[in-house]
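The values are calculated or read from the model by the stated rules, or taken from the named source; none is laboratory data. The shown structure was predicted, so the numbers you read here are calculated from the model rather than taken from an experiment. With ideal geometry, Cβ positions are generated from the backbone for all residues, glycine too; neighbour counts draw on all protein chains shown. For accessibility, only protein heavy atoms count, side chains too; no ligands or nucleic acids. Shrake-Rupley method; radii C 1.70, N 1.55, O 1.52, S 1.80 Å.
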Amino acid sequence: MKHIFIINPKSGKEDSTGHIRQQLEKTDFNWKIYNTTAPKDAIRFIREWCGKHDEEVRFYACGGDGTLSEVVNGAAGFENASVSCYPCGSGNDFVKNYGGAEKFLDIEKLCRAENQSIDLIKVNDDIYSVNIVNFGFDAYAVKTMNSVRRKPLIGGKNAYNTGIVTAILKAMKNKAEITVDEKPFFNEKFLLCTVANGQFIGGKYRCAPRASLNDGTLDLCLVKTVSVPKFASLIGLYEKGEHLDAEQFKKYICYTRCKTVDVKASEEFFISVDGEIYDGNNFRLEVIHKALKFGIPT
């Protein structure tokens with residue numbers, strides 16, 4: 001099998017290319033390194049590679065969740081391609097589903113990882129999410145986070161918290177018509193809505209504690225509009241992933257599992273797909289069961 005390490009040199013505190021190359025040179029795997037040069041470059045490179053080669057190949061996303069998202073969107077649909085992750089970015093939410101980043105940082109074990117078929121969320125016709133699609137408060141927080149990520153004090157590990165504070169000021173009341181499995185689900189003002197394949201977002205928030213990566217369903221959790229003091233009293237439960245069972249949350253939560261979600265908004269609207277912001281007024285989300293082979297070290 002060919003092992004191709006897709007490295008985002010701008011991800012994390014420093015370029016990890018040298019460290020990864022050092023580890024690879026100690027192995028006898030058939031490997032190659034590719035450094036991305038611009039946003040979406042990983043998608044382009046992977047699609048071009050798969051279009052020219054039919055050998056079995058695994059692409060490793062070396063960066064954060066944004067790099068993983070690009071690698072997934074490049075590899076999705078190619079039968080000979082699998083994906084794994086060398087998490088060296090500022091945010092590594094997806095690998096928390098498997099116990100955390102440490103499990104994926106041994107190159108020898110990573111290249112010997114066994115594939116597991118996992119679901120993807122298809123967004124409209126040509127975008128895939130491996131982890132979380134969200135809109136409302138959370139998406140506004142992510143949009144802010146992306147703009148401050150590299151700024152001192154308010155960026156880095158504090159970027160998501162900066163996004164939360166900004167969203168409190170600007171995104172407590174959101175409006176969209178939400179349809180689930182072709183049936184009306186919600187059409188009032190809400191705080192946030194998460195459609196999940198994985199469980200974690202924002203570095204520490206377990207937004208979808210019941211989500212499974214290969215059960216063929218989406219976990220949808222909508223939180224109705226609340227006051228700022230009430231939000232402050234509930235955010236700790238949301239962070240720990242206790243919101244679906246907590247008595248304090250019951251009258252504010254709408255939760256379901258489903259196959260499709262349609263979102264229609266009349267005003268300026270956007271969603272976050274694994275941290276990537278997409279503007280628009282109409283979105284269709286659909287689970288694609290076992291659509292991707294993902295390498296998990298044992």
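Determine, yes or no, whether residue 201 is open to solvent by less than 30 Å² (accessible area, probe 1.4 Å), aliphatic (A, V, I, L, M) and within 20 Å of residue 64 (Cα to Cα).
yes
To keep it simple, each residue is scored yes or no on (1) in contact with a helix residue (DSSP H, G or I) (Cβ under 8 Å, 6 or more places away or on another chain); (2) of a type in the set (Asp, Glu); (3) at positive phi.
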{"residue": "17", "(1), (2), (3)": "no, no, no"}
{"residue": "23", "(1), (2), (3)": "yes, no, no"}
{"residue": "29", "(1), (2), (3)": "yes, no, no"}
{"residue": "32", "(1), (2), (3)": "no, no, no"}
{"residue": "45", "(1), (2), (3)": "yes, no, no"}
{"residue": "48", "(1), (2), (3)": "no, yes, no"}
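Filter segment 194-213 down to residues that are touching a residue at least 60 places away in the same chain (Cβ under 8 Å) and in a strand (DSSP E or B) and give me whichever is farthest from residue 131 (Cα to Cα).
My answer is 194.
How about segment 264-283: which of its residues are open to solvent by 70 Å² or more (accessible area, probe 1.4 Å), touching a residue at least 24 places away in the same chain (Cβ under 8 Å) and within 22 Å of residue 68 (Cα to Cα)?
Result: 276, single match.
Out of the residues in segment 92-102 that are under 18 Å from residue 7 (Cα atoms) and among the charged types (D, E, K, R), state the one that is most open to solvent (accessible area, probe 1.4 Å).
Per the criteria, the residue is 102.
Mind checking which pairs have a first residue in segment 158-175 that is farther than 12 Å from residue 146 by Cα and a second that is part of a loop (DSSP other than H, G, I, E, B) and open to solvent by 50 Å² or more (accessible area, probe 1.4 Å), Cβ under 8 Å, 6 or more apart or different chains?
That search, which allows pairs on different chains as well, returns 175/188; 175/266; 175/267.
Anything in segment 27-64 that is surrounded by fewer than 19 Cβ atoms within 10 Å (Cβ to Cβ) and among the charged types (D, E, K, R)? List them, or say none.
28, 32, 40, 41, 44, 47, 48, 52, 54, 55, 56
Of everything in segment 65-91 that's in a helix (DSSP H, G or I) and in contact with a Phe, Trp or Tyr (Cβ under 9 Å, 6 or more places away or on another chain), which residue is surrounded by the most Cβ atoms within 10 Å (Cβ to Cβ)? First the steps, then the outcome.
Within segment 65-91, the first condition is being in a helix (DSSP H, G or I), and the residues that meet it are 65-75.
Subset that is in contact with a Phe, Trp or Tyr (Cβ under 9 Å, 6 or more places away or on another chain): 65, 68-69, 71-75.
Numbers: 65: 28, 68: 32, 69: 24, 71: 28, 72: 27, 73: 23, 74: 26, 75: 27.
The selected residue is 68.
Any idea which of 75, 61, 101 is among the hydrophobic types (A, V, I, L, M, F, W, C), farther than 17 Å from residue 120 by Cα and touching a helix residue (DSSP H, G or I) at 6+ places or on another chain (Cβ under 9 Å)?
Values: 75 fails: farther than 17 Å from residue 120 by Cα; 61 fails: farther than 17 Å from residue 120 by Cα.
Selected residue: 101, the only one of 75, 61, 101 that is among the hydrophobic types (A, V, I, L, M, F, W, C), farther than 17 Å from residue 120 by Cα and touching a helix residue (DSSP H, G or I) at 6+ places or on another chain (Cβ under 9 Å).
Of the residues 292, 244, 213, 220, which single one is under 21 Å from residue 176 (Cβ atoms) and of a type outside the set (Gly, Ala, Ser)?
Unique residue meeting the criteria: 220.
Check residue 133 against each of (1) under 28 Å from residue 226 (Cβ atoms); (2) modelled with pLDDT under 95 and name the one condition it does not meet.
(2)
Condition first: free of Cβ contacts under 8 Å to residues at least 40 places away in the same chain and either surrounded by 13 or more Cβ atoms within 10 Å (Cβ to Cβ) or under 16 Å from residue 196 (Cα atoms) (or both). Now tell me which residues in segment 236-247 satisfy that.
Within segment 236-247, 237, 238, 239, 240, 242, 243, 244, 246 meet the criteria.
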